[in-house]
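**Q** Quick one: structure below, then a few questions.
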Amino acid sequence: MIRPAGPGDVPAIHQLIRELAAYEHGLAEVTATEADLRRALLAAPPALFAHVAEEDGEVAGFAVWFLSYSTWTGSHGIYLEDLYVRPERRRGGHGRALLAELARICLERGYQRLEWSVLEWNDPARRFYESLGATALSEWTRQRLAGPSLRELAQGQRPGI
């Protein structure tokens, strides 16, 4: 069963985020707390959205997403921040069902895109996404400012080239 996440799902989602980070070799970088997630998911209006895949009364997986906007299409889209299904629950259709629900939301609301990033080395995920018809954007790279670089730029301390 796929459903929007509620306040009671925050502990499970937080645990799954930590499992995903461990799988991606980045657990030490996770600083988000359950309180952080609760604030974002329950804000008015919410800044973050989540759906969970539930099996036998337990959260088997989740999708965390937020709205994006394309100036080229003139419409919103969904940016999928994280999709994760517990290893023992994989191959049960949960990942596909979560993505299908987000695709349904896109169509229902007139959004033109459902986008996400995947690590280059994550071949199982890449094959899964390709099987759904997803297209890798080979000409684009994701960029990030964080930590000291973000602070330096904001404070005018980082000159351009």
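The values are calculated or read from the model by the stated rules, or taken from the named source; none is laboratory data. Because the structure is predicted, anything quoted here is derived from the model rather than measured. Quick reminder, even Gly has a Cβ in these numbers, built from the backbone with ideal geometry, and neighbours come from all protein chains shown.
**Q** Find all pairs meeting these conditions: Cβ atoms under 6 angstrom apart; at least six residues apart or on different chains; first residue within the range 114-128 and in contact (Cβ under 8 Å) with a residue 40 or more places away in the chain; second residue in a strand (DSSP E or B) and polar (S, T, N, Q).
**A** Qualifying pairs under 6 Å: none.
**Q** If you check Arg104 against the conditions, is it at negative phi and of a type in the set (Lys, Arg)? Spell out the reasoning first.
**A** Details: at negative phi: yes; of a type in the set (Lys, Arg): yes.
Here the answer is yes, as Arg104 does meet what is asked.
**Q** So in the range 41-59, with the set limited to residues that are among the small types (Gly, Ala, Ser) and modelled with pLDDT of 95 or more, which one is nearest to the chain's Cα centre (by Cα)?
**A** Restricting attention to the range 41-59, the residues satisfying the condition of being among the small types (Gly, Ala, Ser) are 43-44, 47, 50, 53, 57.
Subsequent filtering for residues that are modelled with pLDDT of 95 or more retains 50, 53.
On the way: Ala50: 8, Ala53: 14 Å.
Across the range 41-59, the extreme among qualifying residues is Ala50.
**Q** Output the residues belonging to the range 116-132 that are closer than 15 Å to Arg91 by Cβ and not hydroxyl-bearing (Ser, Thr, Tyr). Step through it out loud before you land on a result.
**A** Here is the first cut: in the range 116-132, the residues closer than 15 Å to Arg91 by Cβ are 124-125, 127-128, 131-132.
Hits for the range 116-132 are Pro124, Ala125, Arg127, Phe128, Leu132.
**Q** Among the strands (runs of 3 or more DSSP E) confined wholly to the range 1-86, which include 3 or more residues that are surrounded by 13 or more Cβ atoms within 10 Å (Cβ to Cβ)? Steps first, answer last, please.
**A** Numbers: elements: 2-4, 49-55, 58-70, 75-85.
So the answer is 49-55, 58-70, 75-85.
**Q** Going through the range 1-22 one residue at a time, which ones are touching a residue at least 12 places away in the same chain (Cβ under 8 Å) and closer than 23 Å to Leu119 by Cα?
**A** Selection gives Ile13, His14, Leu16, Ile17, Arg18, Glu19, Leu20.
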